[in-house]
Amino acid sequence: MKYQVLVLDLDGTLTNSKKEITPETRKALIEIQEAGKIVVLASGRPINGVAPLADELQMEKYGGYMLSFNGARITRCSTGEIVYNRTLPAEIIRPVWEFAKAIPGLDIVSYSDTEIYSGICPNRYVEIESGINSMNIVSVEDFPSALTFPVNKLLICGEPEQLESIMPQLQAKYHGLLNIYRSEPFFLEIMPRNIDKAKSLQKLLNSIGLTAEEMICCGDGYNDLSMIEYAGLGVAMANAQPIIKDSADFITRSNDEDGIIHVINLFMR
């Protein structure tokens, strides 16, 4: 199989433990784009957290794509055009916020293109999210009223044990209306129904005339599972969660060992 598309999760996959793309990985990714391959960055991050890495990889020049918010938005790097955009139903924002407010220690956030809106009180996990995306935190009193823009996702941030406990409650309450899952032990994603990385990649592939069999997807976290199962070649990083390794076709080196270069050398050169 001649693979044409390389899809990369960011944290724990493309970037190392310092949240950086190594010079060697950057060089390899630019080389395959020069050879006509398509690179897609697929992340739970908002667009402002994905775009700087796309710029590093010169994706505007070579025509790559960014899937932000776990696929709720797809952006064409060459033009900035939003080619797909799914948002949350406005009526669920207030009840989800009130649910989170009732549990001490949690915060709930959403995103404009430039800022993170905190609906309760920023905790250390919100600070992590702010640092990852280089976005300032804006604390607001009436969270639903402050979100005057289309909302692609909500993120509940808290201790892993808390999120493990509340996730089934929210999934049961909003079954058939929302996708709810953990992207990290301390992040609970609240997403539009039927949105995950695989479903958005299917729409992208249809639009560019390619198939899943021509695509490699690399990831390490829970929110990468759908695309790893969907891809022609699903790749888990050596540092991936056990369920990701169990579902992958191939396990590469870790994100601190340039695991993406290993994939490129084996399958795309």
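The values are calculated or read from the model by the stated rules, or taken from the named source; none is laboratory data. None of these values were measured; they are calculated from a predicted model. Positions of Cβ are backbone-derived with ideal geometry, glycine not excepted, and every protein chain shown enters the neighbour counts. Accessible surface is based on the protein model in full, side chains and every heavy atom, while ligands, DNA and RNA are left aside. Shrake-Rupley method; radii C 1.70, N 1.55, O 1.52, S 1.80 Å.
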Angle, helix 124-133 long axis vs. longest principal axis of the chain, Cα atoms, 0 to 90°, nearest 10? 40 degrees
How many nm is it between the label spots at Glu24 and Gln202, if each spot is 7 Å from the Cα in line with the beta carbon? 3.8 nm
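Please compute the per residue accessible area over the chain with all protein chains in place, 1.4 Å probe, rounded to a whole number of Å².
42 Å²
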Label point distance in nm, Ala172-Glu141, each placed 7 Å from Cα along Cα→Cβ: 3.5 nm
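Among 111-122, 222-233, 171-182, how do they line up by average Cβ neighbours within 10 Å per residue, starting with the highest? Mind showing how you got there, number by number?
Details: 111-122: 18.7, 222-233: 23.5, 171-182: 15.2.
Listed from highest to lowest mean packing, they are 222-233, 111-122, 171-182.
Given the chain, what percent of its DSSP beta bridges are antiparallel, to the nearest 5? The partial results should precede the final answer.
Details: 23 of 45 bridges.
Within the chain, antiparallel bridges account for around 50 percent of the total.
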Residue by residue through the stretch 46-56, what is 3J(HN,Hα) from phi via Karplus (6.51 cos²θ - 1.76 cosθ + 1.60, θ = phi - 60°)? Round to whole Hz and write x for glycine and proline. x, 4, 5, x, 9, 4, x, 6, 4, 5, 4
Debye, to nearest 20: dipole size of the chain, +1 on Lys, Arg Cβ, -1 on Asp, Glu Cβ: 620 debye
Can you find, among Leu53, Leu67, Trp97, the residue farthest towards the positive end of the dipole of the chain? Put +1 on the C-beta of Lys and Arg, -1 on that of Asp and Glu. Leu67
Packing-based order for 211-217, 126-132, using average beta carbon neighbours within 10 Å, highest first: 211-217, 126-132
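Summing Lys, Arg as +1 and Asp, Glu as -1, what charge do residues with Cβ under 13 Å from the Cβ of Thr79 carry, Thr79 excluded? Before the final figure, lay out the partial values.
On the way: positive: Lys61, Arg76; negative: Glu60, Glu81.
That sum, taken over residues with Cβ under 13 Å, equals 0.
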Taking the Cα centroid of the stretch 174-190 and of the stretch 1-56, what is the distance between the two, rounded to the nearest whole Å? 25 Å
Put +1 on the Cβ of each Lys and Arg and -1 on the Cβ of each Asp and Glu in the stretch 69-129; which of Leu88, Tyr125, Val109 then has its Cα farthest toward the positive end of the dipole? Leu88
Can you find, among Phe250, Ile195, Leu225, the residue sitting farthest towards the positive end of the charge dipole of the stretch 165-269, where Lys and Arg contribute +1 and Asp and Glu -1 at Cβ? Ile195
Assign unit charges at the C-beta atoms only (+1 for Lys and Arg, -1 for Asp and Glu), then state the dipole size of the stretch 108-235 relative to its Cα centre in Debye, rounded to the nearest 20. 400 debye
Quick check: net charge around Leu188, other residues with Cβ under 14 Å of its Cβ, Lys/Arg +1 and Asp/Glu -1? -4
If packing is taken as the average count of other Cβ atoms within 10 Å, what order do 96-105, 64-73 fall into, highest mean first? 64-73, 96-105
Long-range amide H contacts for Tyr84: which residues qualify at under 5 Å (H placed 1.01 Å from N, peptide plane, sequence gap of 5 or more or a different chain)? Ile74
Taking H placed 1.01 Å from N in the peptide plane, check which residues at least 5 places from Tyr117 or on another chain put their amide H under 5 Å from its amide H. Ser110, Tyr111, Ser112, Val138
Calculated from backbone phi, Karplus (6.51, -1.76, 1.60) coupling profile of the stretch 35-44 in Hz, x at Gly/Pro: 7, x, 6, 9, 9, 10, 9, 10, 9, x
In order through the stretch 216-225: 3J(HN,Hα) via Karplus (6.51 cos²θ - 1.76 cosθ + 1.60), integer Hz, x for Gly, Pro: 10, 10, 10, x, 9, x, 4, 6, 9, 4
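Volume per residue, Å³, of the convex hull around the alpha-carbon atoms of the stretch 1-72? Mind dumping the intermediate values first?
Details: hull volume 6.6 nm³, N = 72.
Given the Cα convex hull of the stretch 1-72, per-residue volume reads 92 Å³.
Dipole of the stretch 4-48, Cα-centred, from +1 at each Lys and Arg C-beta and -1 at each Asp and Glu C-beta, to the nearest 20 debye? Could you put the intermediate results ahead of the total?
Working: 6 positive and 6 negative charges, 21 e Å.
The calculated dipole for the stretch 4-48 is roughly 100 debye.
Can you send over the carbon and sulfur percentage of the accessible area for the chain, probe radius 1.4 Å, protein chains only?
Values: 5420 of 11190 Å².
For the chain, the apolar C and S fraction of the accessible surface comes to 48 percent.
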